[in-house]
Each structure stands twice: as structure tokens, then as C-alpha cells.
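Below: one structure, written as C-alpha cells.
The values are calculated or read from the model by the stated rules, or taken from the named source; none is laboratory data. Nothing here was measured: the structure is a model prediction, and the numbers come from that model. Every residue, glycine as well, gets a Cβ built from its backbone with ideal geometry; the counts of neighbours run over all protein chains shown.
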């Protein structure tokens, strides 16, 4: 009996250490003087942890900046962070938790479209703003009047990239590799549809599941279809792995991909194999604009790394939310939603934000490419 | 193309085979699936990464670091999950290995951060092309190293006294004790050996894929478990065969069907074997 | 001084008292038997001597040293070897590997070789089958292997647990011959048997165990002529 107890205790300790870390973080935040609470849902651990942590970093930075200049409507803001682990079930559970807490006025997150969609019905029913910095699935913002996304949808981005590939880069035959989740399927579909519309040929399409580390078999198969270029609907970590393994196979060809590839990590992990890669951004960290320089410098100072596109979007999301509260003149969940819906030309770091009636952001894009292991503006060549 | 898929499969299979052995050695002596194998693989990779980054750009040193780390983790798991829970239902130890897995992943996340780290390449130059397939030296190095380790383990288990102890304990630990074999120490040795194999595999795998992160072992561990079941969980040669076959079948599955079915192929094999031939390809009838 | 000396040994499984204070001695070089019905506690006694089962009370002394409740592998190193009930051959190891396993505690390779030659001389059948897997042997051959494995480590004391169990009568005779030969090689033997008739023929002294206590003890000769023993264990009525 005592051994059974020991087993249980041991497990409890192991799991406890882990969860306590986050609980402690939360309590610290709760001590501030009656602040207004925003919930952040993000994958703090798991496969998407680095994106989630960038969310957290940017949102905390934005809140510090807002509070330093007097807060919103005379009150300070505070954030409660929930770890969805990139798991739709966790994301939905957190949504239950946030919406049932009257202290919380609005929610930022989650990271993946899949997680956002899983939590959507809960926010919709409870009536709380679900503002995702990054969910780009076309169904997301359209699914509920409470859902907003500021990344721009693949329906907006992919025609631009297809045009880039066909007209600017002159590719006619493209092979596609994509991650098999809501986002990846959507991205690949919008790209192939638009590329074919322009007159291009898709030579082969292959997908892989989350967590895959070995892409050599897929690449070998795609290679046999003999394309001009490879379209890679992947996050930058997978993108780097795919490129590394492609180089090992001795397969050198240009790569095109969505804005999710734009990251310093891609360069660091991919090395020389990511040269000759073409993508678009709405946030470019080396942009000389003063507000972007200020954000990048501050981020680097606080966290010792360069912010990427996703980080900038999370920062924009927090700033936008604060702006909407100011415009609403209230912390009422309903009023915040109305003000958010009315957003027009909000000057975000990752492009200005105007919401369509459905809650999608209309974005502008900049063409970039990787050369000598650096991102460069394509049109300035 | 077929040659390329075969080479891809053999390279990947080398990593699977090492991990499958790690499962098999431990399952053999204790009839316990060590679910912390994937996490041990990851810790081995981090040890290799630290070595390469802070000590020396030497892959052999990195492998040594992976081996020592894996060995220590295996040793520790045995002390905590097995020895302290002796006499409790087997399930307690099983859950404890899962706990260890979560614990190691979280610890790695806390210490190193969730960000994926770049592992440098070694011997990345093209060795030769064969039938349109490109082979880099590192692939040959990886396969060669894996085969060497597998052979050494084979010798250790079938030709040495310590190996005889492992085999007798795995067949009948009570009678092994009556022969004067120290059963506790033998179980501990098997865990350390299994850990060390997983640790080295972590270094080899991370250099091949050029990445290190806290979740890198999750899928790798599960697939290797399938490979071990495929080959026969109690059979060392079976585990090796299972590792290579699974990877080759997967790679050809991608070629013939689609990349999206890749993991399905692996797990269909797992479920199929558990249902219809639980002893695997080479496992003994009496073993499971 | 006797080689094995057991005093007031008590063993309990949960609420059930399997041995209720047993005392027994085995002199050096002797072949002593312990007979009794199924469930009398015979195997428990052997398992307690070799540390597989722990004693609650009492002492076990071997060659003057108190070895009560030591770990099995330590007891084996002292020179006690148990040949377990049901033979317990390592079925997937070859005959020779089984023998090597028996010699596990020996450090000297020459000694192992010498012992291997000794058991092959004793059991030529095993020499013929040295490469065969243990599990493929017949019951009688497996018992020979178990006996051979038992003496590979040069034990002073051999504990035999039901060596005749499940064997055909002709083979049983053979096995008992081997047991006597092993005894003549200088090994002290404590033989646990249900086949009391055979056991009392080969042994010089016997103990009769009944539900955890020693009921009779005497020279084998006398036990065979004891009416109560005859009736209860030798199947002779009247």
C-alpha cells in the first residue's frame, strides 16, 4: 500500500513541478492593483512552444508599454496566460475557464487555426472576443461575430504568392508539400488553385503530419515529378528541416512559401539550404521605419532574440485590443467587440488593420527572399 | 528513385533499430515498456548539442556525451520507477516511466527553451550517386555506427557473462537468482544499456536531421516502439529487423501511396501485430 | 559441526504459517531427505534456505555462518545451490549455455571448463545435445540438465526440489542413480521428495514434514520400518 502511495506521490510531484511553474507565474500577475484582465491562450509547451512563447513575450511587452503610459481608461492591464500546448482540447478547456471568469474582458489567441476553431463555439456562446493574432484559416473569422484574426487569410495571401511565383519568378511547374492540418490544407489549396488559374502546373502534392522529422521519402517522391520550384506550406521549423534534408538529397531548386516561413529561426536552422527561398511578409524586422526599429530593439533587449512575424502580430493584437477598449470607453465584453469590429486603418507593426464585415483583416504584403542566409527585400534587388 | 527511397529507409531505420533495441533490452528483463525512451533520445541529443556547441565540434565526443547521458538516465529510471516500486502492480512502474518522459521534456523546455536548436552537420559532403540517388558521407557514417553498435550489443548479450545474466534474467529471473546472478544489478544494467543506446541514437538522429528540441523524441519513440513490436519485443535481432523494416516500408509507402499515410502505415503495423501476432516477427511464442 | 543447521525456523505467507518452527541438520557429505505430502512446506523450506522466501523467525547456519535472510545471489556464493522444482531450465538457452549460467559465480575459466567436462562425463547425454535449446529436451534430460547445472558452481550443498516430479518410473530410477553418484563425488545433498520410497532408499537420514512441523526424524532404515510412515507415505497398509 505504501508503495502504491509512493508511486502516486512521485507522479504527483513530477507533474506538480511542471504545472506549478505556470501557476506561480499567474499569481504574480494577479497581485497588481485591480487591473483589467486579458486572457492569452498560447502553446507555451509542446511542438509550437516557441511561437507561444513569442506570443507571451510580445503581449507582456505591449502591456508594459500601455501601463507605462497610464493604462487604458485610467486602469492598468494584466494578462493571464493559459497553455494550450497546441492541443485543440486544451484550447477549448481554457476557453471555458476564461469565459466563466467575470474579471476577464477579452481573449487573445490561440496560435493554430485548429485550436482557434475548437474553442470558437465556446467564445461565441459566452460572448467574448476571441482575437487570434495568427489564425489564417478562412473559416475562422467567418465562423462567429466574436472571432477576429489579424494575420490576413490564406485567401488573401496565396493569390499574391501565386502571382509572385508565376509572374515575378517565372515558375511554371511547382510541387507542393504541406502540413496536414487546417492551416496547411487551406494554404496549399489556395496556392494551387491560384497558381493553376494563372496557367501553372502542379506536378505533385504531398502532406505530412505534425511532429514528423523525416521528410526524405516525401522529397524523393516530389523530386521525381521534376518541378521548377517547391511550394512549402510549413511553419519555419519544419521548413528548415525540409530544406536541410532536401540539400542532403542533392536536390537544389528554388522554394516558395507562405509568410509563416519568415523567421530568423529558419535561417539559423536551415543554414545554406534555405537560400533561394521566396516568401512574403507583412512585417519585416529589418524595415527602417522608426516604430518597427523601436519594437525590434526593445524586444531584443528584453529577450535576447529577434522578433519574428508571429511575435509582431501578437504585439499588434494587444495594442489593437487596448485601442478598441479606449474607443469603446468601456470594459464591457460586448462594447469591446463592437469597437473592434469598427477598426479601420489601425497602424500595426505588421501592416495596417481594417476588418471586413466577417472579421478578417485586409493586409498588404512585401516580397522577400533569402540570399546568403539573410532575408532581403525582393523588389529592391 | 527506388534506390533513393531504400537509402532513406535504411538511414532512418538505423535510428529506429537503435531505439527498438532500447525497448527490447528493457522489455526483455522486466516485461516492461519503457515509455521514457523517446525522451531519453531527446536528452541524448541535447547532450550532444551542448558538447558540440560549448566543448568541441567533434561528433565522437558528442556521441560519448549522448551515451553517458542516456546511461545515467536509464540507471536513474530503474532506481526510481522500478526499484522503489518493486512489488507494486506493474502498471505503477509503467506510469512512472511515462511520468519520467513528461518530466524530462518539461525539464528540457525549462533549461533550453522550447525553441528548436540547430545541430551542425558532419561529413555532409556527397559520397556518391547511385542510380540517381545521392548519398552523403554522414548517412554512411550513421548506418555504419548503428550497425557497429548493434553488433557490439549483440556480442555483449550473446557472448559475455553479463549478457548471459541479462538473458537468464529475461527468461526466468527467479531461477537466475538461484544461479547466483544478481538480478537487481542485471535489471539496472539492462536499463543503463537501453538508455545509452537511446542516448547515442539521439545524437546520431539530431545530426542527421540538424535539429534539437524538447519534443523531438515523441514520435520517434512511438514509432520505434512499433518497430520493436513488429520485430518481437523480446528479441534483439527482431528489434533490429523491425526497425529497418518499418522505416523501409514507411518510405516505400510514401512513394506508393502518399506522405499523409506514413504514420498510419507504422501504426497499422503496430495494431496488426498486437492483434494477430503479438510475439512479432522473431519473438518466441512463450515470450509474450 | 554440521554443514547446514536450521533452528526453529518460522515462515509466514500473510496469515498462513507455512513453517512453524523447524529444526534440522545436515552433516557434511551426507544425503539427507525431507519427505512429506503436497503443501507440507517442503519447497518453502528450500526457498527459505536460498533466500527466495524470507524467514520470520529462527536461524539458518551454513558452515557455521548465519545466512538467514541473505540475498539469493549471496547465498549461492557461499556454496549452496538449489535445483528448483519443475527443473526451470532456461528454455531458450542451449544446454551448454544453461551449464554456463550454472557456473555464473565462478571467476576462473579453467575451473568452469573442468566442471563442464565433469558433468559431461557424468551425463554423456547432455554432451551429445550441448548445442540444443534447453526447452527441446525431454523431461528426463531436462532433469539431468538441472542437476548438472546445479553442480557447475562447485557447491558444497545441493538442495534438490522434487527431482522425480512428472517423470516416468524408469527415468526416475536413473535420476536417483545420478543423485547418488553426485553424492559420491563429495557433495552434501538435501533431497526434498514426494516419492518417499525412493528417497528413503538413497538417503542415509530422513525427516518427515507435516503441515509445517517435523513429525519424524530418523535414519532412513528406521523410517522405512516405521508403521506410521509406512502407512502415510510409503503406501503400504497393514
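Taken together, the residues in region A:158-171 that are touching a helix residue (DSSP H, G or I) at 6+ places or on another chain (Cβ under 8 Å) and surrounded by fewer than 23 Cβ atoms within 10 Å (Cβ to Cβ) amount to 3.
Could you say whether any residue in region A:214-228 is touching a helix residue (DSSP H, G or I) at 6+ places or on another chain (Cβ under 7 Å) and either in a strand (DSSP E or B) or in contact (Cβ under 8 Å) with a residue 60 or more places away in the chain (or both)? Within region A:214-228 (the criterion being touching a helix residue (DSSP H, G or I) at 6+ places or on another chain (Cβ under 7 Å) and either in a strand (DSSP E or B) or in contact (Cβ under 8 Å) with a residue 60 or more places away in the chain (or both)), the answer is no, since none of the residues qualifies. Residues of region B:91-134 that are in contact with a helix residue (DSSP H, G or I) (Cβ under 8 Å, 6 or more places away or on another chain), more than 9 Å from every other protein chain (Cβ to nearest Cβ) and in a strand (DSSP E or B): B:127, B:130.
Determine whether region A:236-256 contains at least one residue that is part of a loop (DSSP other than H, G, I, E, B), more than 11 Å from every other protein chain (Cβ to nearest Cβ) and more than 24 Å from residue A:69 (Cα to Cα). Yes, region A:236-256 has at least one match.
When C:31, C:46 are screened for being in contact (Cβ under 8 Å) with a residue 60 or more places away in the chain, on the phi < 0 side of the Ramachandran plot and within 14 Å of chain B (Cβ to nearest Cβ), only C:46 passes. Beta carbons closer than 8 Å, at least 6 apart along the sequence or on distinct chains, pair a first residue in region B:71-90 that is on the phi > 0 side of the Ramachandran plot with a second that is in a helix (DSSP H, G or I) for B:87/A:3. Scanning region C:58-73 for residues that are under 18 Å from residue B:181 (Cβ atoms) and more than 18 Å from the chain's Cα centre (by Cα) turns up C:70, C:71.
Is it true that some residue in region C:13-26 is within 10 Å of chain B (Cβ to nearest Cβ), under 30 Å from residue C:234 (Cβ atoms) and assigned to a strand (DSSP E or B)? No, because not a single residue in region C:13-26 is within 10 Å of chain B (Cβ to nearest Cβ), under 30 Å from residue C:234 (Cβ atoms) and assigned to a strand (DSSP E or B). None of A:352, A:330 is surrounded by fewer than 18 Cβ atoms within 10 Å (Cβ to Cβ) and in contact with a strand residue (DSSP E or B) (Cβ under 7 Å, 6 or more places away or on another chain) except A:352. Residues in region C:74-90 that are surrounded by fewer than 21 Cβ atoms within 10 Å (Cβ to Cβ), within 12 Å of the chain's Cα centre (by Cα) and within 8 Å of another protein chain (Cβ to nearest Cβ): 0 in all. Within region A:178-192, being touching a helix residue (DSSP H, G or I) at 6+ places or on another chain (Cβ under 7 Å) and either within 20 Å of residue A:85 (Cβ to Cβ) or within 9 Å of chain B (Cβ to nearest Cβ) (or both) holds for A:179, A:180, A:181, A:182, A:183. Residues in region B:232-247 that are more than 10 Å from every other protein chain (Cβ to nearest Cβ), in a helix (DSSP H, G or I) and surrounded by 18 or more Cβ atoms within 10 Å (Cβ to Cβ): B:236, B:238, B:239, B:240, B:241, B:242, B:243, B:244, B:245, B:246. For region A:299-307, the count of residues that are in contact with a strand residue (DSSP E or B) (Cβ under 6 Å, 6 or more places away or on another chain) and assigned by TED's automatic domain parsing to the domain that holds residue A:130 is zero.
Cβ-Cβ distances below 6 Å connect the following pairs, each with a first residue in region C:91-118 that is at the interface with chain B (Cβ under 10 Å from one of its Cβ atoms), a second residue that is surrounded by fewer than 19 Cβ atoms within 10 Å (Cβ to Cβ) and not in a loop (DSSP other than H, G, I, E, B), and a separation of six or more residues or different chains: C:91/C:135; C:105/C:77. Under the condition of being more than 8 Å from chain B (Cβ to nearest Cβ) and at pLDDT below 90, the residues counted in region A:193-221 number 1. Does residue B:153 fit the bill of being in contact with a helix residue (DSSP H, G or I) (Cβ under 7 Å, 6 or more places away or on another chain), more than 9 Å from chain A (Cβ to nearest Cβ) and either part of a strand (DSSP E or B) or more than 26 Å from residue B:215 (Cα to Cα) (or both)? Judged against the criteria, residue B:153 is a match.
In this structure, is residue A:266 in contact with a strand residue (DSSP E or B) (Cβ under 7 Å, 6 or more places away or on another chain), touching a residue at least 12 places away in the same chain (Cβ under 8 Å) and part of a helix (DSSP H, G or I)? No: the conditions fail for residue A:266. Scanning region C:54-71 finds one or more residues that are in contact with a helix residue (DSSP H, G or I) (Cβ under 8 Å, 6 or more places away or on another chain), surrounded by fewer than 18 Cβ atoms within 10 Å (Cβ to Cβ), more than 10 Å from chain B (Cβ to nearest Cβ) and in a strand (DSSP E or B). If the condition is being part of a helix (DSSP H, G or I), in contact with a helix residue (DSSP H, G or I) (Cβ under 6 Å, 6 or more places away or on another chain) and within 14 Å of chain C (Cβ to nearest Cβ), then region B:165-220 contributes B:165, B:166, B:168, B:169, B:170, B:173, B:176, B:177, B:183, B:186, B:187, B:188. Is it true that some residue in region B:156-163 is buried (at least 20 other Cβ atoms within 10 Å of the Cβ) and within 19 Å of the chain's Cα centre (by Cα)? Taking every residue of region B:156-163 in turn, at least one turns out to be buried (at least 20 other Cβ atoms within 10 Å of the Cβ) and within 19 Å of the chain's Cα centre (by Cα). Put simply, of C:133, C:128 the only residue that is within 14 Å of chain B (Cβ to nearest Cβ), over 17 Å from the mean Cα position of the chain (by Cα) and surrounded by fewer than 18 Cβ atoms within 10 Å (Cβ to Cβ) is C:133.
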